[in-house]
Every structure is written in structure tokens, then in C-alpha cells.
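Some notes on the structure that comes next.
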Amino acid sequence: RRQPATLPPAVLDDSAEAADHLMRIGGAYLLVDGYNATLSTWPGLSITEQRHRLIDALAELSSRTGVEAIVVFDGDEQATGAPRQPRRPVKIRFSGPGVEADDVIIDLVADLPPHRSVIVASDDRRVRAGAEERGANVISNDQLFAALRRER
């Protein structure tokens, strides 16, 4: 069974330092609730532009920290016009018709190798609770974007 990674002493769970520490754990996965993150941050941009910005930022974060980033978006890949083979180190998944990204993320936590740390970035209560129940560390969108801003 997966166990959440421990934080260093005096580092609070909801801090930017916690997110930074977790992402630097060797072999860690970062699962991002795509539209949950982008719609709260770039509401004035098109959905396509929101996706591109997030994927670009995650690619830079992955290069800097070594975290293996997987972003999950609601919807059907064909309907969104998303590229099939992105040229980035970020894995992109779409939930598919009739399936919520929330469910895909929670299932991924359970399906990924249990010996590797998993960090889930979402403000959705159901995603956070499901990820924690399966042994993942959970960070907020604020923590995620604080980590992303460090690379700019």
C-alpha cells in the first residue's frame, strides 16, 4: 500500500515549500487536475490556451525537478483538438466521454507503482479525499502555481 511522503520538520503541508520538497523526491509522479487548475487561474483565456500554458509550465517544472507530470483534462481528446503526440515530457490524458477527470486521477493514484511517491494537485474535495485515501500527497492549486512561478 502506498504511503504519503513525509515532509521535513517545520514544513507545513499547505506551504509552497512542501510542494517544492515533494516534487524533488526521486521518481515522484505529479498528477494535475487540468481544468480545475487552469479555470481558476486563467479564466479569460480559451480552453486551448489554458491547456497549452499549463502543459508548458509543467514541462519546465518536470525538467527542473525531475517530477514525472501527468495532467488529466475532462472531455474527449478528439473533440478538444488536442495534439495526439505532444512534444513535451508531460503526459496528457483526457477522461473521455461521460467520464470525469476526477475519477481518472483517483484511479491513477491506485494504479501507479506503490513504491513511487504520488502528488496530486487539485482544489476539488473529492479528488483530494480520494487521493489521500490511496496514499498520495495532496497539494492545492496555489501550491502548484507557486512551484510553477519559480521557474519563470
Does residue 99 satisfy being in a loop (DSSP other than H, G, I, E, B), open to solvent by 10 Å² or more (accessible area, probe 1.4 Å) and without any contact (Cβ under 8 Å) to a residue 60 or more places away in the chain?
yes
Residue by residue through the stretch 32-75, note down the ones that are small (Gly, Ala, Ser) and either touching a strand residue (DSSP E or B) at 6+ places or on another chain (Cβ under 9 Å) or in a strand (DSSP E or B) (or both).
34, 37, 59, 62, 69, 75
Breaking point among (1) open to solvent by 20 Å² or more (accessible area, probe 1.4 Å); (2) at pLDDT below 95, for residue 148
(1)
Hey, among the residues in the stretch 113-142 that are polar (S, T, N, Q) and buried (at least 21 other Cβ atoms within 10 Å of the Cβ), which one's nearest to the chain's Cα centre (by Cα)?
122
Using the structure shown, decide if residue 120 is of a type outside the set (Asp, Glu), under 11 Å from residue 32 (Cα atoms), touching a residue at least 40 places away in the same chain (Cβ under 8 Å) and not in a helix (DSSP H, G or I).
yes
Considering only residues that are out of contact with any helix residue (DSSP H, G or I) (no Cβ under 6 Å at 6 or more places or on another chain) and β-branched (Val, Ile, Thr), look in the stretch 42-71 and name the one that is modelled with the highest pLDDT.
70
Could you please let me know if residue 18 is in a helix (DSSP H, G or I) and modelled with pLDDT of 95 or more?
yes
Extreme residue, farthest from residue 75 (Cα to Cα), among residues of the stretch 1-39 that are of a type in the set (Asp, Glu) and open to solvent by 50 Å² or more (accessible area, probe 1.4 Å)
17
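The values are calculated or read from the model by the stated rules, or taken from the named source; none is laboratory data. Quick caveat: nothing in here was measured; it's all calculated off a predicted structure. Heads up, the Cβs are rebuilt from the backbone with ideal geometry, glycines too, and the neighbour counts pull from every protein chain shown. Surface areas here come from the heavy atoms of the whole protein model, side chains and all, with no ligands, DNA or RNA. Shrake-Rupley method; radii C 1.70, N 1.55, O 1.52, S 1.80 Å.
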